[in-house]
Amino acid sequence: MPRLKEEVDIDAPADRVWAVVQEDATNAPKWSSYVAKIEKLDKNPPGKGTRYRYHLDLPGGIKEKLEVEQSVYNKPKRCAGTFIRGPLKGTWSYTYREKDGTTHVVYEMDYELTGLLRFAGGLLAGQYAAGIRSNMAALKKYVESGKGPKANG
């Protein structure tokens, strides 16, 4: 199973970065490429068991929907889960480690492409990895510029 791993250091406390990524997930299209829209599929506040539907606009005009479920929600250290519906199978995680007011964020994903994406495989995998890398850079810029929610509690 292919594995993606991207890391970035963000000049902000971990609870602030967590607030942007995990608690304000539906606004991720403001800093995340390929994501047109995110729907939260549950009524409760974000946590273990929360499900999201991602509407993706991928390279080559491919439009896909992807659903994830959070199985780990350890604020502000780690959020992880599985792909439960859509063109990806596997797991994903965000890990946050703060030191001296800077947060080291690690995004990891073990995945398998299915359906139409399987046929676009190699080409799309490279573009997807580049997209994750640019999203991490965009997340850094977004948080460091003061955009998004402030940490709450």
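Structural remarks
- Subset of segment 37-66 (residues that are of a type in the set (Gly, Ala, Ser) and at pLDDT below 95): GLY60, GLY61
- Candidate set: segment 43-87, residues that are part of a strand (DSSP E or B) and β-branched (Val, Ile, Thr); chosen: the one surrounded by the most Cβ atoms within 10 Å (Cβ to Cβ): VAL68
- Scanning segment 1-42 for residues that are without any contact (Cβ under 8 Å) to a residue 40 or more places away in the chain, among the aliphatic types (A, V, I, L, M) and part of a helix (DSSP H, G or I) yields a count of 2.
- Options TRP18, TRP31; residue that is surrounded by 19 or more Cβ atoms within 10 Å (Cβ to Cβ) and within 23 Å of ALA130 (Cβ to Cβ): TRP31
- Qualifying residue in segment 107-120 (condition: at pLDDT 85 or above, outside any helix (DSSP H, G or I) and out of contact with any Pro (no Cβ under 9 Å at 6 or more places or on another chain)): yes
- Residues being out of contact with any Gly (no Cβ under 8 Å at 6 or more places or on another chain) and crowded, with 17+ Cβ neighbours inside 10 Å - total across segment 96-111: 5
- Residues within segment 60-103 that are hydroxyl-bearing (Ser, Thr, Tyr) and either in contact with a Leu (Cβ under 6 Å, 6 or more places away or on another chain) or within 19 Å of LYS140 (Cβ to Cβ) (or both), tallied: 6
The values are calculated or read from the model by the stated rules, or taken from the named source; none is laboratory data. Keep in mind it's a predicted model, so treat the numbers as computed, not measured. Neighbour counts run over all protein chains shown; Cβ positions are idealised from the backbone, glycine included.
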